[in-house]
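To keep things clear, I will list the structure first and then write my remarks on it.
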Amino acid sequence: MQKQLLRLLVCLLAVSFTQAQKPKAPSSSEIYESIQKLNFLGSVLYVAAHPDDENTRLIAYMSNQVKARTAYLSLTRGDGGQNLIGPEIRELLGVIRTQELLAARRVDGGEQLFTRANDFGYSKHPDETLDIWDKDQVLSDVVLAIRQFKPDIIINRFDEKRAGKTHGHHTTSAILSIEAFDLANNDKAYTSQLNQTEVWQPKRLFYNTSAWRYGSQEAFDKVDKSNMLTFDIGTYYPTKGLSNNELADLARSQHLCQGFGRLSQRGSDIEYIDFLKGEPLNGSNNIFEGIDTTWNRVKGGGAIGDILNTIEANFNFKNPAVHIPGLVEAYKLLQNIDNKHWKTQKTKELKAIIEMCAGLYLEASAETNWATQNETIKLNIEVLNRSDLPIVLESLNNASDLNMAKGITLKNNVKYDFSEVLKVDNNTEPTTPYWLNQKGSLGMYKVDDKTLVGKPETPRVYNIDFNLLINNTPITFTKPIIQRFAKPDKGELYRPFEIIPEVSAKITEKVIILDNDQQRDITVVVKAGRDNLEGDVEVCYPNGWSILPKKQKVSIAHKGEEQLLRFTVIPPKEQSEGFIGPIVQIGDKSYTKELIDIDYEHIPFQTVLLPSESKIVRLDIKKQGNNIAYIQGAGDVVPESLEQIGYNVRIISPEDITPETLSNFDAVVVGIRAYNTVEELNFKQQLLFDFVANGGNMVVQYNTSHRVKVDAIGPYNLTLSRDRVTDENAEVKFLNPDHEVLNFPNKITPKDFEGWTQERGLYFPDSWDKAFTPILSMHDKGESAKHGSLLVAKHGKGYYTYTGLSFFREFPAGVSGAYRLFANILSLGKEDIPQPVKLND
């Protein structure tokens, strides 16, 4: 029953929030709530480290109950995590998680901010974190966020006192927030920021504590709470038909790549925040104690407040348009106040409310969702006034050459369509996440344009200004150009309008493994961004390698079409590795980037440009056995990686797990986190163990120590823990150097553990049956040795292996030693067995 409810919840989310660009169609209740927020001049900044760290319950409460402007500052974009919905990792995963955060904020009512810190993976201590992050840069970004957002209240998700007891990124976020609390008001700190903002002193800083922090509810009950404030975040919103915690769970469920789709909760529930520094509350239960959150906060705001408070008190739910004259009068008064911050923010809110009250529909839809430099694109512009108030469309224009005088009075519910033409400027840069424009470091994104730092997305280049006259007052509404279209099986769809290069190219395989010195063909895919594309393509390669032919012609007639070109790679005789990449020459311009689409229903369509390169490895590797069954878990590219070195891999579902099916395979490999995500495997474990007993090999990759959905992970007892080794360069010692897995068919040496990425491994078992043989020992600096990264047990005639080594990261990175070791694991017990016949695909 719970599973059915969860599926229903996810379906509802997909229907409600699939297309982020779709114009909002607000109800009268939503307009009223917007006016309530308009009349509250206070703000809250919530600070943590990653996507999913934020407490959506508290963000939703501050935004919807308190009515404060609320934002979440995530120090990273989550590049270092895992992906439960697809193959994207690292930079592309960060793009997905950025959009999931924005989707969550659209639900809970908050805003989203970032720093330039790159999530490099798990860290055990803030000292380690700050060795990899540039502390001064990240601290400056936190200070900038405070100076720009100007929060009255800051709430930290994590406790700065727990260094070494939790994720180092978590603790670091609290440490930097505390430092920034004072630095933000210091005009001697980060002075270059003061060209675009000014100093700001928040009023108070809190820590969002809970029973989890103290280990149990019993321990938390004994804690002195005299410095804490409490909030019942289960409050019910009749205008929404939802409780705050239901709303928060809907927001939380946007983090689908992390498997956070969840059932919603209702009813009274308490959140605690612990006072850290700033102006004391002196016994008050009001988080904004001593802060004027009315319009009297700004000079000249009293008259604005009189108008807007009257509208709120007498709001007409049947016909909100009757309030437009008063709203426009408040808008005019607002333009005369001196406080730039509140003038900017409240003008934005007020314009949105006027637009909603008038039922204005303003849209500029392009004939395509992408265009190139110098291209001419047809636009369909739609303007509709759904109120009795006379509104005049004076003109349409954008930042380039589009400037159209109209002078049309918009009659009630009469649609006006205009066909216009947009000429894309020859100097317009392609659309891509700004933080990926340049190569950064392991710990930091490189962003030269400091006006972009902190922004969640790259600002849209092409927008249309709708210049209206409302109640004889000029008001401009700016809308990004989008593409609105329909599919018979999807209905109405929206995509952002993107600028792409005239050509992009990629090699079909991101990692190319050659297990001998025989030449091999590779495929280069060239995609045209415009019609009538002609040029030359070559492939760059490392020393010692050769690629033929040196150059090929490309000729593509139509925009969006692709041409496939085949090149032959000739490897060296000895083991070697490097990178290859296509270069497309069009006239006097060279193009070396790949255009990547990210298309999931719960986030907007994303276009990402990244350098087009593939790791190429001439690998000295031997293997036994050919046919591998792969049971997918949370998503990885291990099957494709095993095919690269000559295995015949077949994906099988739990329904396929029968003795007859398994008899066709030499080994079964279980994907990452399969025992956390695939409930049906609990009913198939014994069949898999029987397969091992009959002579097969079974390899189980890492699972988290919580939410395990099988009764027995292996044929013998083993207990998962949170043990991990995050230093990818940590020394690896061989506990059993004579064991077959280290010697056949490849001799494994310490060199095979060079060049690993992000980590050695994670969630190692910390206790196991004596039937298991531990193979490797490793540890992070200052910790005890961990022996559970690779455990092998003989079971009947076959072998069962459990490994927490991060093969799922090393394979896409082309790490030679990872391939050699995995081939040995698959070859266990097969030294004297003739090679089986390879299955037909």
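The values are calculated or read from the model by the stated rules, or taken from the named source; none is laboratory data. Remember, it's a predicted structure, so these values are computed and weren't measured experimentally. Because the Cβ atoms are built from the backbone with ideal geometry, glycine has one as well, and the counts that use them run over all protein chains shown.
Find all pairs meeting these conditions: Cβ atoms under 6 angstrom apart; at least six residues apart or on different chains; first residue within the stretch 204-217 and assigned by TED's automatic domain parsing to the domain that holds Tyr272; second residue modelled with pLDDT of 95 or more and in a helix (DSSP H, G or I).
Matching pairs, first to second residue: Leu205/Phe181.
Would you please name the residue that is nearest to Val637 (Cα to Cα), looking only at residues in the stretch 672-708 that are hydrophobic (A, V, I, L, M, F, W, C) and assigned to a loop (DSSP other than H, G, I, E, B)? Lay out the reasoning, then the answer.
First, pick out the residues of the stretch 672-708 that are hydrophobic (A, V, I, L, M, F, W, C): 672, 674, 678, 681, 683, 687-689, 691-693, 698-700, 708.
Add one more test, that the residue is assigned to a loop (DSSP other than H, G, I, E, B), and what stays is 672, 678, 708.
Working: Ile672: 10, Val678: 18, Val708: 22 Å.
Applying the filter and picking the extreme gives Ile672.
Kindly indicate which of Ile651, Ile621, Ile596 is under 21 Å from Leu828 (Cβ atoms) and not charged (D, E, K, R).
Only one candidate passes the filter, namely Ile621.
When you scan the stretch 27-47, how many residues do you find that are in contact with a Ser or Thr (Cβ under 6 Å, 6 or more places away or on another chain) and assigned to a strand (DSSP E or B)?
2
Kindly check whether there is at least one residue in the stretch 799-817 that is touching a residue at least 60 places away in the same chain (Cβ under 8 Å), among the aromatic types (Phe, Trp, Tyr) and farther than 30 Å from Gly121 by Cα.
Yes: one or more hits.
Among Arg105, Arg97, which is the only one that is closer than 28 Å to Gln201 by Cα and in contact (Cβ under 8 Å) with a residue 12 or more places away in the chain?
Sole residue among the options that is closer than 28 Å to Gln201 by Cα and in contact (Cβ under 8 Å) with a residue 12 or more places away in the chain: Arg105.
Given the stretch 259-375, what helices (runs of 4 or more DSSP H) lie entirely inside it while holding 3 or more residues that are under 30 Å from Leu533 (Cβ atoms)?
none
Name every residue in the stretch 737-789 that is surrounded by fewer than 18 Cβ atoms within 10 Å (Cβ to Cβ), on the phi > 0 side of the Ramachandran plot and either assigned to a strand (DSSP E or B) or within 31 Å of the chain's Cα centre (by Cα) (or both), in order of residue number.
Of everything in the stretch 737-789, just one residue is surrounded by fewer than 18 Cβ atoms within 10 Å (Cβ to Cβ), on the phi > 0 side of the Ramachandran plot and either assigned to a strand (DSSP E or B) or within 31 Å of the chain's Cα centre (by Cα) (or both), namely Gly755.
Yes or no: the stretch 87-100 includes at least one residue that is part of a loop (DSSP other than H, G, I, E, B), aliphatic (A, V, I, L, M), within 14 Å of the chain's Cα centre (by Cα) and surrounded by fewer than 24 Cβ atoms within 10 Å (Cβ to Cβ).
So far as the stretch 87-100 goes, yes, one or more of its residues are part of a loop (DSSP other than H, G, I, E, B), aliphatic (A, V, I, L, M), within 14 Å of the chain's Cα centre (by Cα) and surrounded by fewer than 24 Cβ atoms within 10 Å (Cβ to Cβ).
Residue by residue through the stretch 54-85, note down the ones that are over 18 Å from Ala145 (Cα atoms) and either in a loop (DSSP other than H, G, I, E, B) or touching a Pro at 6+ places or on another chain (Cβ under 6 Å) (or both).
Result: Asn55, Gln65, Val66, Lys67, Gly78, Asp79, Gly80, Gly81, Gln82, Asn83, Leu84, Ile85.
If you go through the stretch 160-167 one residue at a time, do you hit one that is within 21 Å of the chain's Cα centre (by Cα), among the polar types (S, T, N, Q) and closer than 14 Å to His50 by Cβ?
no
Go through (1) touching a strand residue (DSSP E or B) at 6+ places or on another chain (Cβ under 7 Å); (2) modelled with pLDDT under 95 and name the single condition Lys165 misses.
(1)
With the requirement that a residue be under 20 Å from Thr523 (Cα atoms) and among the charged types (D, E, K, R), what does the stretch 613-652 give you?
Selection gives Glu613, Lys615, Arg618, Glu640, Glu643.
So, Ser806, is that one crowded, with 21+ Cβ neighbours inside 10 Å, hydroxyl-bearing (Ser, Thr, Tyr) and not assigned by TED's automatic domain parsing to the domain that holds Asp119 or not? Before the answer, list the steps.
On the way: crowded, with 21+ Cβ neighbours inside 10 Å: yes; hydroxyl-bearing (Ser, Thr, Tyr): yes; not assigned by TED's automatic domain parsing to the domain that holds Asp119: yes.
Against the criterion (crowded, with 21+ Cβ neighbours inside 10 Å, hydroxyl-bearing (Ser, Thr, Tyr) and not assigned by TED's automatic domain parsing to the domain that holds Asp119), Ser806 qualifies.
Within the bounds of the stretch 470-477, is there any residue that is of a type in the set (A, V, I, L, M, F, W, C), out of contact with any Lys or Arg (no Cβ under 9 Å at 6 or more places or on another chain), in contact (Cβ under 8 Å) with a residue 24 or more places away in the chain and in the same structural domain as Asn403 (by TED's automatic domain parsing)?
The answer is yes, given that some residue of the stretch 470-477 is of a type in the set (A, V, I, L, M, F, W, C), out of contact with any Lys or Arg (no Cβ under 9 Å at 6 or more places or on another chain), in contact (Cβ under 8 Å) with a residue 24 or more places away in the chain and in the same structural domain as Asn403 (by TED's automatic domain parsing).
Could you grab me the full set of residues in the stretch 226-258 that are among the small types (Gly, Ala, Ser), in a loop (DSSP other than H, G, I, E, B) and more than 17 Å from the chain's Cα centre (by Cα)?
Answer for the stretch 226-258, where residues must be among the small types (Gly, Ala, Ser), in a loop (DSSP other than H, G, I, E, B) and more than 17 Å from the chain's Cα centre (by Cα): Ser226, Gly234, Gly241.
Which pairs turn up if I take residues in the stretch 678-696 that are within 24 Å of Gly829 (Cα to Cα) and touching a residue at least 60 places away in the same chain (Cβ under 8 Å) and look for partners that are of a type in the set (A, V, I, L, M) and outside any helix (DSSP H, G or I) with beta carbon separation below 7 Å, at least 6 apart in sequence or on another chain?
Correct list of pairs: Phe691/Val668; Phe691/Met698; Val692/Met698; Gly696/Ala667; Gly696/Val668.
Confirm whether Ser123 is among the hydroxyl-bearing types (Ser, Thr, Tyr) and either on the phi > 0 side of the Ramachandran plot or touching a Gly at 6+ places or on another chain (Cβ under 6 Å) (or both).
When the stated conditions are applied, Ser123 passes them.
Only one of Ile353, Ile311, Ile304 is within 31 Å of the chain's Cα centre (by Cα) and not small (Gly, Ala, Ser); which?
So the residue among Ile353, Ile311, Ile304 that is within 31 Å of the chain's Cα centre (by Cα) and not small (Gly, Ala, Ser) is Ile353.
Of everything in the stretch 105-158, what is out of contact with any helix residue (DSSP H, G or I) (no Cβ under 7 Å at 6 or more places or on another chain), of a type in the set (Asp, Glu) and closer than 30 Å to Glu30 by Cβ? Give them in sequence order.
Asp152
Tell me which residues, restricted to the stretch 549-564, are assigned to a strand (DSSP E or B) and within 33 Å of the chain's Cα centre (by Cα).
Hits for the stretch 549-564 are Glu562, Gln563, Leu564.
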